[in-house]
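*Asks:* I am attaching a structure below and will ask some questions about it afterwards.
The values are calculated or read from the model by the stated rules, or taken from the named source; none is laboratory data. The structure displayed is predicted, hence computed values, not measured ones. Virtual Cβ from ideal backbone geometry, glycine too; neighbours counted across all protein chains shown. Heavy atoms of the whole protein, side chains included, go into the accessibility calculation; ligands, DNA and RNA do not. Shrake-Rupley method; radii C 1.70, N 1.55, O 1.52, S 1.80 Å.
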Amino acid sequence: MSVFTRSRGAKVLGAVAVVGASAMILAGCAGSSEPAETSAAPAAEERAPLDLSIGTVLPQTGSLAYLGPPEEAGVGLAVAEINEADKGITVEVEYGDSGDTDNKAYETTVPRLLGNGVQALIGAASSGVTKLFLDQAVGAGVITFSPANTSPDFTTWEDDDLYWRTAPSDLLQGEVLGNLIAEDGHSTLGIIYLNDAYGTGLEAALTETFTATGGEVVASESYNAGDTNFSAPVSSILAQNPDAIAVIGFEETATIVPSFVNSGFDGANFYFVDGNISQWGADMPVSIEGSKGTQPGPVLSDDFQERLTAQWMEQDGSELVDFNYAAESYDAVVLLALAALAANSTDTADIAAALPEVSGGTGEGEKCESFADCADIILEGGTADYDGYSGGIAFDEAGDPTEATIGIFEYGADNTHTRVND
C-alpha cells in the first residue's frame, strides 16, 4: 500500500509506487490556521422534518451510457435507505439524462431539473459535460455533486462552494497507472486519448508519471468526440513500436483497440482507465486477455453489490453488469442528506457549508459507516464523520476528496475483468 501527502491546491504530485498489486492514495488536508467550525445542530425533538430534492444528470445515452445503470442504482439505493431510516429527512429524486458532449442531452435535462426546484444535481459522469452546465447550476444557486468527474480543472473552478465530487482527481489515477505500466516491465508507451477535459488531464498525469519512472512516451495522439475512424492516430503510434498502449476514452475503445490488434499489436498490452474499464465481453471483437486498467474506488462488499443489483432490478427491470461509480453515487446522496441534517436546513448554502464536516474534512467527528448511524450521531448533538462505500472522503476547501483508493483490474479470456488488488 502506497501513501503520500498532498497540500490543498497542489498542481503536481510525485510518483506513487504501486506495491505488489495494491495502490491506495491518501492525500492530507493542509488547513488554514483558523480552528474548524462544526454545526450546532438542534436535538431531534427540536427539529422540523426536512425535504431534500435532488436530480440526476447521469448518462442514459451517449459514450458513457454504460456508467448510467450503476450510478443511478447507487442514487436510488441511497434515497431508498435514507427514507427507510426515517431520521427526519426525506429525499426525492428525479432522474435525467446527461448524454455526452456530442448528443448534449444535458441541455434539456439541466433546465428541467433547475426549473423543478432541486437543491442538488448528481452528475455528470463526464468532466466535459459538467463543464458545460456547471456555471448554469452555480448561477441558479444549486449544488452540483459528481460521483465521477476526475478532471483537475474543477479544483480551481469558480463555483461559490457549490461543486463537490466523490471521485478523485486524475492526478491520482494517472500516477497509479503510470507506475503500474512501468512495474509491468514496459519502457516505452504509446497513448491515444480523447481530446476533452478528461482525456487531456489524464494523459498529462500519465505522461508525467511514466516519464518519472524512466520510461518514454514515444507517441501520444488525440482524437475528438464523435470520431469513428482512428487509422491516422493508430498508424502514428504503431510507427514508434511501443511496448504498451494506454487508451484514454469511452465506448469508442471497442473500435480503437481492434484497429491496433488487427495491425499486429499484442492485445495483452493495453491499459485502460475508468472511462473504458468496462466488462467488454463480446462487445470487444478481439482478445484483450492480460490487459489491465485502473478505476477509482475500493473493493465493494458482496452485500452492497447485492443491494445495488436488487435496486436496479426494481428501477429498471434488468441486471447490473458494471458497478463503476455506484459507491461514489450512493455516497454523494448520503453526504448531502447528512449535511442537511447537520445544518438542519435544505438551503443549498447551508448544505454546502456542512459537507466538509460530515465527510471528516474538518478533522473532527465520530466515525460512522451508514446514513442511519451517522444521522443518530447528529441527532444526539454530535459530529458525524461518514466513511462510505467509496471509502474515506474528507473534503478539502475545493470540494475534492482527499482520500482515495485506486483499483487495478486485469482482463481474462472472456474480455471481462477482475480486480487484482484489495
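*Asks:* Protein chains only, probe 1.4 Å: how do Leu114, Leu341 rank by accessible area, largest first? Can you show the working numbers first?
*Replies:* Numbers: Leu114 40, Leu341 0 Å².
Reading off the accessible areas and sorting them downward yields Leu114, Leu341.
*Asks:* Could I ask something else about it? Name the most mobile residue of Asp184, Asp376, Asp196, meaning the one with the largest mean-square fluctuation, in a Gaussian network model of the chain with Cα contacts below 10 Å.
*Replies:* Fluctuation is largest for Asp184.
*Asks:* Give me the angle, in degrees from 0 to 90, between the Cα long axis of helix 68-85 and the longest principal axis of the Cα atoms of the chain, rounded to the nearest 10.
*Replies:* Approximately 20 degrees, to the nearest 10.
*Asks:* Here is a follow-up. Can you tell which of Glu107, Glu203, Glu328 shows the greatest fluctuation in a Gaussian network model of the chain with Cα springs below 10 Å?
*Replies:* Maximum fluctuation in the GNM of the chain, among the listed residues, is at Glu107.
*Asks:* P(r) of the range 143-293 in 10 Å steps, Cα pairs, percent per bin?
*Replies:* 11, 42, 34, 11, 3, 0
*Asks:* For the range 170-230, what Kirkwood radius comes out of the mean inverse Cα-Cα distance, in Å?
*Replies:* Computed over the range 170-230, the radius equals 11.8 Å.
*Asks:* Normalised by the empirical 2.2 N^0.38 Å for globular proteins, what value does the Cα Rg of the range 314-422 take?
*Replies:* 1.26
*Asks:* Write down the percent of antiparallel bridges among all DSSP beta bridges whose residues are both part of the chain, to the nearest 5.
*Replies:* Numbers: 14 of 50 bridges.
Antiparallel bridges make up about 30 percent of those DSSP assigns within the chain.
*Asks:* For the chain, what mean projected area does the convex hull of the alpha carbons give, in nm²? Intermediate results must be reported in sequence, preceding the final value.
*Replies:* Values: hull surface 74.4 nm².
Taking the Cα atoms of the chain, their convex hull projects to 18.6 nm² on average.
*Asks:* To continue, here is another question. Are there GluC sites (Glu not before Pro) in the range 149-185 that DSSP puts in a loop and that have at most 10 other Cβ atoms within 10 Å, and which ones?
*Replies:* On the way: sites: Glu158, Glu175, Glu183; in loops: Glu158.
Here the sparse-neighbourhood loop sites are Glu158.
*Asks:* Over all directions, what mean area does the Cα convex hull of the range 144-191 project, stated in square nanometres?
*Replies:* 4.2 nm²
*Asks:* Quick one, what does Rg over Rh come out to for the range 252-341 if you take C-alpha atoms and the Kirkwood Rh?
*Replies:* My calculation of the ratio gives 1.09.
*Asks:* Out of the total accessible area of the chain (probe 1.4 Å, heavy atoms of protein only), what percent is carbon and sulfur?
*Replies:* 46 percent
*Asks:* Which residue, Ala219, Ala326, Ala124, has the most motion in a Gaussian network model of the chain that connects Cα atoms within less than 10 Å?
*Replies:* Ala219
*Asks:* Let me ask you something else. Excluding ligands, DNA and RNA, what is the solvent-accessible area per residue of the range 173-324 at a probe of 1.4 Å, expressed in Å²?
*Replies:* 38 Å²
*Asks:* Nearest 500 deg cm²/dmol is fine: what mean residue ellipticity at 222 nm does the chain get from its DSSP H runs of n ≥ 4 alone, each adding -39,500 (n - 2.57), divided by its residue count?
*Replies:* -10500 deg cm²/dmol
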